[in-house]
Amino acid sequence: MKILALEHDLSSQSIEHAAELKEEARCVWQLYQSGIIREVYFRGDRAEAVLMLECKDPGEARRILDTLPLVRSGLIDFEIIPLAPYPGFGRLFSQ
């Protein structure tokens, strides 16, 4: 199942600790290499991540995202949005 995960900052303090950011990047890289995170972006209008994950269900996505260092430290969280295939193209082929 494809899952869209939108980061939300939970703290008004800026995340500037290089060690935390490096560890976050390392964890995201490992999830990317394992095929769980399929795409990763930053929003164009603010410095918040947008992740596309491939997971069994939203619960699995939550468990995985909860392992990220910035989530564990309470600085960020993710809105998890399950995605379904678009069914509208079938209308093009109906008689």
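What follows is calculated from the coordinates using simple rules that are stated; it is not laboratory data. These figures come from a predicted structure and were not determined experimentally. Cβ atoms come from the backbone with ideal geometry, glycine included; neighbour counts cover every protein chain shown.
Given the -39500 (n - 2.57) contribution per DSSP H run of 4+ residues, what per-residue ellipticity at 222 nm results for the chain, rounded to the nearest 500 deg cm²/dmol?
Working: 3 runs with 28 residues, N = 95.
It lands at -8500 deg cm²/dmol.
At a 10 angstrom cut-off on C-beta neighbours, averaged per residue, how do the peptides 81-90, 23-32 rank from highest to lowest? List each step's numbers first, then the result.
On the way: 81-90: 8.6, 23-32: 15.4.
So the peptides 81-90, 23-32, ranked by packing, come out 23-32, 81-90.
Go through 44-51, 62-69 and give me the packing order, highest mean Cβ count within 10 Å leading. Please report the intermediate quantities before stating the final value.
On the way: 44-51: 12.8, 62-69: 16.4.
The densest-packed peptide leads the list: 62-69, 44-51.
Could you work out the pair-distance distribution P(r) of the chain from its alpha-carbon pairs, with 5 angstrom bin width and percents rounded to whole numbers?
Going from the shortest bin to the longest, the percentages are 2, 12, 21, 24, 16, 9, 5, 4, 3, 2, 1, 0.
How many nm is it between the label spots at Phe42 and Leu83, if each spot is 7 Å from the Cα in line with the beta carbon?
Rounded to a tenth, the inter-label distance reads 2.2 nm.
Based on the Cβ-Cβ distance of Ala25 and Asp57, what FRET efficiency does E = 1/(1 + (r/R0)^6) give at R0 = 25 Å, to the nearest 0.05? Present the calculation step by step, with values, prior to reporting the outcome.
Numbers: r = 26 Å, r/R0 = 1.05.
About 0.45, to the nearest 0.05.
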